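The values are calculated or read from the model by the stated rules, or taken from the named source; none is laboratory data. As the structure is a computational prediction, the values presented were derived from the model and not from experiment. Because the Cβ atoms are built from the backbone with ideal geometry, glycine has one as well, and the counts that use them run over all protein chains shown.
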């Protein structure tokens, strides 16, 4: 992925920084538009990456916005997303956030509990407005992914369970400032085996038919997101197979002609276009373990520490040597950062060419849940951003 031109540029910039390949992002968006039928409505999940440069590119591709906070709604509005394409999800929306969304006349609130339904009705009533809602349903479908990013099981905090359906409909009848327009589902994240999406479709069919039997033919069915990416071979699979993904829903989802389908994709849009670029500060060789200590840490990319997530790690200085014979040997390194936490580790026993102080290290597939989850722990500087458009 990285050429000598990249290396020359990176050597002139203080590390660490995120590098975004905007051309790859545009190619990914084009692939989505070609694969998705015209009647499929795609909302980008801002929680994956809320970088303004990327958001404007995504907005220009005519995607909507999936937001999980008031500030994400504000960012979407600032970046030009149409209010009528903004959905607001989240199990704990504050009154301030709800009021901001109401003031901006967003498309839909994804409501996750009876109590939220009551509060939203009261707040909308205070403004003499009608809030359009979709019920976030917990379908009890296993995503077979990491336990921290599974969201569709009964044991998870998200969504309304089927045994509450009758109570919810009774409550909606009492709400004069609520309009039920859809159902919303989201079973988890980083799903690469498409079987869980098939299982979701079958469950959605059952639930949709139940609501229809109660007199609720709802115009919008939102299937959430969760499509994963290939972290181990980012160049081989830079753009995921969107055709296969959407084919699952074409083949197994049974909706009536008047019902529109929505998706909330995040990681699969932005993950592969981003890399965290860092520099080796020190090499610390031991009897059992060699350490390459970087100037980037868990403050810039927390996923490995939080989820034990894998990212491909490359020494791009050595990889781009014109004479490969200059590579003396390959060694295994624990790639660690400078933060005062033992969990500040990007990868263990990573096989790299012999690495030295000053070498540039690229941590790949970091465009999703990287910059957006960065922190200033240890009073670290805010991470810098470079795009291929600059």
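A few remarks follow.
- Among the residues of segment 340-390, those identified as farther than 22 Å from residue 190 by Cα and part of a strand (DSSP E or B) are 349, 350, 351, 352, 353, 360, 361, 384, 385, 386, 387.
- Flag for residue 78 being out of contact with any helix residue (DSSP H, G or I) (no Cβ under 8 Å at 6 or more places or on another chain), more than 20 Å from residue 268 (Cβ to Cβ) and modelled with pLDDT of 95 or more: no
- Evaluation of residue 244 against the conditions (1) part of a loop (DSSP other than H, G, I, E, B); (2) in contact with a helix residue (DSSP H, G or I) (Cβ under 9 Å, 6 or more places away or on another chain); (3) in the same structural domain as residue 205 (by TED's automatic domain parsing); (4) at pLDDT 95 or above shows that the sole unmet condition is (1).
- Here 48, 31, 61 are screened, and the one residue that is out of contact with any strand residue (DSSP E or B) (no Cβ under 7 Å at 6 or more places or on another chain), within 29 Å of residue 237 (Cα to Cα) and buried (at least 21 other Cβ atoms within 10 Å of the Cβ) is 48.
- Out of 127, 174, 147, 179, sole residue that is at pLDDT below 95 and in the same structural domain as residue 47 (by TED's automatic domain parsing): 147
- Members of segment 203-229 found to be without any contact (Cβ under 8 Å) to a residue 60 or more places away in the chain and either within 20 Å of residue 190 (Cα to Cα) or not assigned by TED's automatic domain parsing to the domain that holds residue 45 (or both), listed by number: 223, 224, 227
- Residue 255 vs. criteria assigned to a strand (DSSP E or B), surrounded by 13 or more Cβ atoms within 10 Å (Cβ to Cβ) and either in the same structural domain as residue 139 (by TED's automatic domain parsing) or at pLDDT 95 or above (or both): no
- Selected residue [crowded, with 23+ Cβ neighbours inside 10 Å and touching a residue at least 60 places away in the same chain (Cβ under 8 Å)] from 238, 296, 309: 296
- Residue 315 vs. criteria surrounded by fewer than 16 Cβ atoms within 10 Å (Cβ to Cβ) and assigned by TED's automatic domain parsing to the domain that holds residue 371: no
- Boolean, residue 135 is touching a strand residue (DSSP E or B) at 6+ places or on another chain (Cβ under 7 Å) and in a helix (DSSP H, G or I): no
- Looking only at segment 103-120, residues that are farther than 21 Å from residue 47 by Cβ and surrounded by fewer than 21 Cβ atoms within 10 Å (Cβ to Cβ) come to 6 in all.
- Exactly one residue among 137, 133 is at pLDDT below 95 and either outside the structural domain of residue 309 (by TED's automatic domain parsing) or closer than 23 Å to residue 252 by Cβ (or both), and that residue is 137.
- Any hit, segment 86-104, residues being modelled with pLDDT of 95 or more, under 21 Å from residue 385 (Cβ atoms) and out of contact with any helix residue (DSSP H, G or I) (no Cβ under 7 Å at 6 or more places or on another chain): no
- Only residues that are touching a residue at least 60 places away in the same chain (Cβ under 8 Å), farther than 11 Å from residue 18 by Cα and either out of contact with any helix residue (DSSP H, G or I) (no Cβ under 6 Å at 6 or more places or on another chain) or exposed (fewer than 15 other Cβ atoms within 10 Å of the Cβ) (or both) were counted across segment 354-368, and they come to 5.
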